[in-house]
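Structure first, then comments.
The values are calculated or read from the model by the stated rules, or taken from the named source; none is laboratory data. Remember, predicted model here, so these are calculated numbers, not experimental data. Ideal geometry is used to build each Cβ from the backbone, glycine not excepted, and the neighbour counts take in all protein chains shown.
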Amino acid sequence: MTGEIKCEKQDSIVIITISRPDKLNSVTREMLIDFDEKVSRFANDPDIAALIFTGEGEKAFCAGFDLKMIKGLSDDEYTDFFKGLEKTIRVIKQARNCITIAAVNGHAIGFGAMVSNACDFRFYSKNASFSLPEITIDIFPGAGAASSLIQLVGPAKSKDILLTGRRISAHEAFRIGIADRLIEQDELLDKALEFAKELVEKNRVILLRTKTLVDIMTGQSVEGADELECTYLDEWLREHRK
């Protein structure tokens with residue numbers, strides 16, 4: 001099975017499913033291209049308020065890339081592939097028109113971990129796990145692997161995870177801040193959908209502007225964060241008077 005990226009639209013919410021269950025939803029070059037096209041399209045669609053990412057089946061969210069495919073790439077293809085990966089993760093991280101949620105239904109390895117960490121929220125099933133094992137297969141953990149992780153768990157824990165490549169259980173992921181919720185497997189997608197529906201019913205302008213404010217405040221000094229918050233408040237007040 002070559003795999004596919006499935007999309008299901010429910011009103012203003014789109015569920016994007018990585019589907020290659022016989023290979024633990026590992027992603028091929030063609031799947032990455034399709035994933036990038038669909039994510040870019042929906043993330044920039046004004047009618048879409050939330051994206052939910054998940055994997056097919058109960059074993060894996062996404063077990064990373066197909067290593068056989070990676071090894072078969074020429075030097076130019078290898079460069080293009082990882083630059084494409086970097087662009088895809090950036091689209092998720094910088095999505096300003098919608099909320100993003102990862103419903104992590106099993107192993108989130110490599111690309112799966114990058115996608116989930118790039119989202120606004122991460123819901124883990126209790127049998128899920130997380131790892132960024134690039135160092136064990138001589139691949140540099142770029143494309144958002146390090147930058148997303150450090151925002152969630154800080155530099156010391158990021159070094160532990162990236163330099164060892166070890167697998168982290170769902171319970172540890174929740175304890176250290178990688179996972180936001182721990183949910184029973186059979187309730188995972190329903191809970192993610194319920195949460196998304198609750199959010200998209202709120203004032204969308206305020207919702208997305210608040211999300212953007214938190215994103216751009218992250219890493220700022222106290223003074224810089226205060227200035228950004230004041231700027232966003234002044235902008236909202238001006239619009240509110242109209």
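For segment 20-53, the candidate set comprises residues that are buried (at least 17 other Cβ atoms within 10 Å of the Cβ) and hydroxyl-bearing (Ser, Thr, Tyr); within that set, the residue that is farthest from residue 116 (Cα to Cα) is 28. Against the conditions (1) out of contact with any strand residue (DSSP E or B) (no Cβ under 9 Å at 6 or more places or on another chain); (2) without any contact (Cβ under 8 Å) to a residue 40 or more places away in the chain; (3) part of a helix (DSSP H, G or I); (4) of a type outside the set (Ser, Thr, Tyr), residue 187 satisfies every one except (1). Take residue 157 and tell me if it is more than 24 Å from residue 50 (Cα to Cα) and either in contact with a His (Cβ under 9 Å, 6 or more places away or on another chain) or not in a loop (DSSP other than H, G, I, E, B) (or both). So residue 157 passes the test. Taking segment 128-145 as the range and being farther than 19 Å from residue 79 by Cβ and assigned to a helix (DSSP H, G or I) as the test, the residues that pass are 135, 136. Among the residues making up segment 220-236, those that are surrounded by 11 or more Cβ atoms within 10 Å (Cβ to Cβ) and out of contact with any helix residue (DSSP H, G or I) (no Cβ under 6 Å at 6 or more places or on another chain) are 220, 224, 226, 227, 229, 231, 233, 235, 236. Might you let me know whether segment 60-71 holds any residue that is among the charged types (D, E, K, R), buried (at least 17 other Cβ atoms within 10 Å of the Cβ) and within 23 Å of residue 169 (Cβ to Cβ)? No; the residues of segment 60-71 include none that is among the charged types (D, E, K, R), buried (at least 17 other Cβ atoms within 10 Å of the Cβ) and within 23 Å of residue 169 (Cβ to Cβ).
Select from segment 1-60 the residues that are among the β-branched types (Val, Ile, Thr) and either out of contact with any strand residue (DSSP E or B) (no Cβ under 7 Å at 6 or more places or on another chain) or without any contact (Cβ under 8 Å) to a residue 60 or more places away in the chain (or both) and list them in ascending order. The answer is 2, 5, 14, 16, 17, 28, 33, 39, 48. Tell me, which residue of segment 125-140 that is closer than 16 Å to residue 105 by Cα and touching a residue at least 60 places away in the same chain (Cβ under 8 Å) is surrounded by the most Cβ atoms within 10 Å (Cβ to Cβ)? Selected residue: 128.
How many of the residues making up segment 172-186 are closer than 9 Å to residue 124 by Cα and not charged (D, E, K, R)?
So the count comes out to 6.
Pairing residues of segment 208-219 that are on the phi < 0 side of the Ramachandran plot and not assigned by TED's automatic domain parsing to the domain that holds residue 152 with residues that are basic (Lys, Arg) and buried (at least 16 other Cβ atoms within 10 Å of the Cβ), at Cβ distances under 9 Å and at least 6 apart in sequence or on separate chains, gives 215/93.
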